[in-house]
Amino acid sequence: MSTTTQNIDTNAAAPVADLRDCGPEGCAIDWLSSKRHATEVDDITAFTQFTLEQGWGDGLPAIPPTEARVREFLAASERYPDEIICTLPPNNAECTVEKIAINAVMAGAQPESMGLLIAALEAMAAPDFELFGQNATTAPVVPLMLVNGPIRDALDIPYRHGCLGGDATSALAIGRAVRLVMRNVAGQVVNVTSQSTFGTPGRVAGILFGEWEERSPWAPLAERRGVHGDAVTVYGTMGTMNILDTTSQTGPEFLEMIGKSLGYPGANGFNTSMPYAEILVAINPVWAQIIHRDVPQLEDVQEQIWRWSSLGADYLTTNHREQLEALGRVIDGRVYLATTPQDVLVACCGGTGGLHATGFHSFGSCLTQTRAIPRSNANKMQTTT
Amino acid sequence: MAIANVLDPTALRADDITTPGPDAGPLAGRTVGIRLDEIWRAWDWVSELWAAEFRAAGAEVVFWRSSQGRTGAEGEKVALALEEFLDRIDIALVGLANCGSCTGWTVHDALAAAVRGLPTTAVCTDNFTELAQNLARRGGHSGLRLHVLPYPLNEQQRGDVDAVARTHLAGVLQTMGASLETLAEAAV
């Protein structure tokens with residue numbers, strides 16, 4: 001196994017394989033500015049070992065980001081490689097199209113995913129998303145990505161049975177690409193910057209899923225947030241929490257069960273370090289129809305979940321209650337998981353077997369962001385053929 | 001076996017200030033600003049005891065309690081309050097870095113003070129020292145002064161925390177580059 005490396009002059013001219021490789025206008029110069037490392041590229045096992053030695057890898061097999069592969073990826077993106085998309089904390093380094101492409105190639109993501117990757121990273125870099133806190137915290141928080149629009153099918157993003165894990169889809173590599181960008185560009189590295197006590201499986205390949213819009217009684221989540229069509233919503237989640245209900249028969253019963261299940265004292269939304277929080281609930285299409293039948297207005301659905309997920313202050317330990325009282329968080333004897341009913345986010349997805357909902361507790365003060373996904377020619381071709 | 005070039009996937013901020021910034025010097029006649037938070041009562045207790053010592057030496061001490069709500073309208077209020085706090089002080093003592101995100105915000109606020117040229121010291125607990133150093137480097141100021149308190153701290157009773165504060169008084173003054181001599185003593 002060879003892990004040979006040598007530094008190459010980044011200014012040296014490299015063969016230009018394709019005129020499209022540096023942007024929509026084409027050019028004849030090398031715009032790839034990343035440092036080159038010479039290493040074994042045919043043996044995936046050897047290259048994966050190399051990524052670990054370099055501190056680039058996550059331990060899973062990695063695709064060597066050769067110049068040819070990165071150029072091919074960039075050609076599909078129609079973006080210039082030196083375009084700065086955002087800066088990502090805690091490294092506060094510039095996240096360029098080129099760096100996204102390199103990490104996406106390593107993850108095994110398809111070039112068609114570039115638009116989604118850029119939109120998701122732009123959303124995560126928004127100051128109100130508080131990635132700074134998420135990437136340093138002891139919590140296991142990870143930004144989940146919920147996709148709306150036709151691009152769900154173009155990229156094979158799961159939104160039906162097993163949408164949160166277990167489905168065989170190339171979209172897994174998109175989630176992994178975002179995680180590699182977090183590692184290599186944002187600098188979220190365990191016990192270096194990230195102090196996450198336990199971490200979470202979602203920090204390996206991300207949490208990427210779609211909304212089953214065709215079965216949802218509600219408008220798509222992104223549309224409710226002002227973005228029509230292809231869009232990604234990012235939400236800082238503490239993980240997934242299953243809610244089983246084999247008993248309820250009516251919408252209000254399901255909502256009470258969902259709400260009460262979400263409200264537990266150790267949720268971040270009840271912590272004094274988080275002055276406000278949202279909550280996201282994924283509801284299966286079977287329950288969604290029953291809830292919609294009995295509670296037609298989504299605002300009422302949100303209000304009921306919000307109300308049922310609150311806790312009586314006397315349920316908390318004295319120390320916890322006193323700290324929350326001092327912060328004015330106890331209202332009429334209750335403490336609320338989400339700040340207002342509007343902070344309860346609802347999405348419809350999952351299999352037609354019903355019986356389960358999934359709660360996603362928020363990290364807290366990170367505010368959910370939604371961005372439109374620009375379509376590349378590669379996407380357009382895939383969805384029109 | 002085929003050797004070829006692969007492209008480096010990493011990025012790092014290039015600029016870095018490696019020096020600690022100005023010493024606080026004698027505290028007499030100066031305004032020391034202590035940044036508190038809404039999480040760590042132990043830091044409140046340590047700060048109270050240190051503030052009493054600073055005041056006894058002729059300093060004025062003002063407190064500002066930060067919120068972790070750094071986003072949306074709340075975030076804008078906190079950012080404004082931080083600026084107003086920094087406007088009022090000569091010396092910054094910023095804590096407490098005792099968890100992941102609160103270490104982040106402690107370092108963030110300390111860097112905001114340091115960039116104004118204020119003598120600035122961040123305070124962390126032992127388990128978060130490396131994180132604080134790493135975040136200061138990534139914030140462009142690896143030389144940021146950092147005083148380390150023992151861990152666990154917030155889990156201790158008041159009397160034990162007060163003992164820690166007393167034990168660490170000389171150390172934090174040293175980190176700050178500060179002294180408790182009065183104006184008269186300093187003039188001699």
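The values are calculated or read from the model by the stated rules, or taken from the named source; none is laboratory data. Bear in mind that the values here come from a model prediction, so they are computed numbers and not experimental data. As a convention, Cβ positions derive from the backbone with ideal geometry for all residues, glycine included, and neighbour counts pool all protein chains shown. Side chains are part of the model used for accessible areas, which takes the heavy atoms of the whole protein and leaves out ligands, DNA and RNA. Shrake-Rupley method; radii C 1.70, N 1.55, O 1.52, S 1.80 Å.
Quick notes on this structure:
- Those residues of segment A:178-228 which are of a type in the set (S, T, N, Q) and more than 20 Å from A:Thr138 (Cβ to Cβ), in sequence order: A:Asn184, A:Ser216
- Test: residue in segment A:223-230 that is open to solvent by 30 Å² or more (accessible area, probe 1.4 Å), in a loop (DSSP other than H, G, I, E, B) and more than 20 Å from A:Cys366 (Cβ to Cβ): yes
- Test: residue in segment A:293-306 that is of a type in the set (Phe, Trp, Tyr) and open to solvent by less than 30 Å² (accessible area, probe 1.4 Å): no
- Looking only at residues in segment B:1-50 that are of a type in the set (Asp, Glu) and within 14 Å of another protein chain (Cβ to nearest Cβ), the one that is nearest to B:Val161 (Cα to Cα) is B:Asp44.
- Taken together, the residues in segment A:320-348 that are outside any helix (DSSP H, G or I) and among the polar types (S, T, N, Q) amount to 2.
- Pair list, Cβ < 7 Å and 6+ apart or interchain, from segment A:32-45 residues that are more than 7 Å from every other protein chain (Cβ to nearest Cβ) to residues that are part of a helix (DSSP H, G or I): A:Ser33/A:Glu98
- Just one of the listed residues (B:Asp87, B:Asp109, B:Asp162) is away from every other protein chain (no Cβ under 14 Å) and in contact (Cβ under 8 Å) with a residue 60 or more places away in the chain, namely B:Asp162.
- Answer from A:Gly236, A:Gly269 - the residue that is touching a residue at least 60 places away in the same chain (Cβ under 8 Å), within 14 Å of chain B (Cβ to nearest Cβ), in contact with a Pro (Cβ under 7 Å, 6 or more places away or on another chain) and within 30 Å of B:Glu130 (Cα to Cα): A:Gly236
- Count of residues meeting criterion [more than 30 Å from B:Asn154 (Cα to Cα), of a type in the set (Val, Ile, Thr) and over 27 Å from the mean Cα position of the chain (by Cα)] in segment A:292-323: 1
- The test for being open to solvent by less than 10 Å² (accessible area, probe 1.4 Å), assigned to a helix (DSSP H, G or I), at negative phi and not basic (Lys, Arg) does not hold for A:Ala357.
- When segment A:30-45 is limited to residues that are among the aliphatic types (A, V, I, L, M) and not in a loop (DSSP other than H, G, I, E, B), the one that is most open to solvent (accessible area, probe 1.4 Å) turns out to be A:Ile44.
- Residue check, A:Gly165 surrounded by fewer than 24 Cβ atoms within 10 Å (Cβ to Cβ) and within 12 Å of another protein chain (Cβ to nearest Cβ): no
- Complete set of residues in segment A:82-101 that are touching a helix residue (DSSP H, G or I) at 6+ places or on another chain (Cβ under 6 Å), part of a strand (DSSP E or B) and more than 10 Å from every other protein chain (Cβ to nearest Cβ): A:Ile85, A:Cys86
- Residue match in segment A:56-64 (condition: facing chain B (nearest Cβ under 8 Å), more than 23 Å from the chain's Cα centre (by Cα) and buried (at least 17 other Cβ atoms within 10 Å of the Cβ)): yes
- A:Ala104 vs. criteria within 14 Å of another protein chain (Cβ to nearest Cβ) and over 30 Å from B:Phe128 (Cβ atoms): yes
- The residues listed here are B:Glu38, B:Glu53; of these, the one that is at pLDDT 95 or above and surrounded by fewer than 21 Cβ atoms within 10 Å (Cβ to Cβ) is B:Glu53.
- Among residues of segment B:65-84 being surrounded by 14 or more Cβ atoms within 10 Å (Cβ to Cβ) and touching a residue at least 24 places away in the same chain (Cβ under 8 Å), the one that is farthest from the other protein chains (Cβ to nearest Cβ) is B:Leu82.
- Yes/no for A:Arg79 being open to solvent by 10 Å² or more (accessible area, probe 1.4 Å) and either within 11 Å of another protein chain (Cβ to nearest Cβ) or without any contact (Cβ under 8 Å) to a residue 12 or more places away in the chain (or both): no
- Among the residues making up segment A:300-316, those that are in contact (Cβ under 8 Å) with a residue 24 or more places away in the chain and not aromatic (Phe, Trp, Tyr) are A:Val301, A:Gln302, A:Glu303, A:Gln304, A:Ile305, A:Arg307, A:Ser309, A:Ser310, A:Leu311, A:Leu316.
- Across segment A:294-319, the number of residues qualifying as assigned to a helix (DSSP H, G or I) and either closer than 18 Å to A:Phe254 by Cα or out of contact with any helix residue (DSSP H, G or I) (no Cβ under 8 Å at 6 or more places or on another chain) (or both) comes to 15.
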